[in-house]
Amino acid sequence: MAKASEIWTGSVLRINGELVSVEEYIHRTPGNLRAFYQARMRNIKTGKIVEYRFRPDEEVTFARVETNDYQYLYEDGDYLVVMDNETFEQHNIPKFLFGDSIRFLKESMTLTVAFESEEPIIARLPNSVELIVTYSEPAVKGDTATSALKQATVETGAEIRVPLFVNEGDKIKIDTRTGEYMERIR
């Protein structure tokens, strides 16, 4: 058990039997009232946002979370098989932990996975990936003056919106959190 004053943004707590990740944590001292900590947390299983006020002397339980980088090997039904590069141990990670960013996943990519007592609870791709455009409509001459966008398909099969100057065979950088085009790689 630890005090509420020891919580920081990014910590994982166990509250009412549920695991929550702290997204925002602020110390407040309103006028002549007692100080408190305002926390905005996300339930790890459901993804729901929870707001909570902690008293400074309130006791909380930190979850023992171990975060490591793993190499993606292959897909196995509803799971992705990843390997620890140091111990070569393989783990099955549920696909739903990756959310919508899974559409940018390539073989041999390095993933970040957090485990709480041998159970994967958080998984994410790198913030950006470099992928090759496999299909894109050619731009019409004269349309490049505006910031117009067109559909393009990348090597993983995902479709994204790209500027008109991007062509088939170009390597582009994509933000995996939003799915948006970032830049063209030369």
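We did not get these values from a lab; they are worked out from the coordinates using the rules stated. Remember, predicted model here, so these are calculated numbers, not experimental data. Ideal geometry is used to build each Cβ from the backbone, glycine not excepted, and the neighbour counts take in all protein chains shown.
Using the Cα centre of the chain as origin and beta-carbon charges of +1 (Lys, Arg) and -1 (Asp, Glu), tell me which of Phe88, Thr67, Thr178 is placed farthest towards the positive end of the dipole.
Farthest towards the positive pole: Thr178.
Run the dipole for the range 47-186 about the Cα centre, Lys and Arg Cβ at +1, Asp and Glu Cβ at -1, nothing else charged, and hand back the magnitude in debye, nearest 20.
Details: 16 positive and 27 negative charges, 170 e Å.
Once rounded to the nearest 20, the dipole reads 820 debye.
HN-Hα J couplings of the range 54-70 from phi, Karplus 6.51/-1.76/1.60, θ = phi - 60°, integer Hz, Gly and Pro as x?
9, 6, x, 9, 5, 8, 10, 10, 7, 7, 7, 10, 10, 10, 9, 9, 10
If you bin the C-alpha pair distances of the range 128-185 every 5 Å from 0, what whole percents do you get?
4, 21, 35, 23, 12, 4, 1
For Ser11, which sequence-distant residues (separation of 5 or more, or a different chain) have an amide H within less than 5 Å of its own amide H, given hydrogens modelled in the peptide plane?
Amide H neighbours of Ser11: Val22.
What are the ³J(HN,Hα) values, in whole Hz, obtained from phi via the Karplus relation 6.51 cos²θ - 1.76 cosθ + 1.60 with θ = phi - 60°, for each residue of the range 103-108 in sequence order, with x given for Gly and Pro?
5, 9, 7, 10, 4, 6
Picking from Gly77, Ala39, Val22, whose Cα lies most toward the positive end of the charge dipole for the range 1-83 (charges on Cβ: Lys, Arg +1; Asp, Glu -1)?
Towards the positive end, the residue furthest out is Ala39.
Mean shadow of the chain, computed from the convex hull of its alpha carbons, in nm²?
Average of the hull's projected areas for the chain equals 15.1 nm².
With viscosity set to 1.567 mPa s and temperature to 4 °C, compute the Stokes-Einstein D of the range 2-62, Rh being the Kirkwood radius across alpha carbon pairs; µm²/s, no decimals.
Translational D for this selection: 110 µm²/s.
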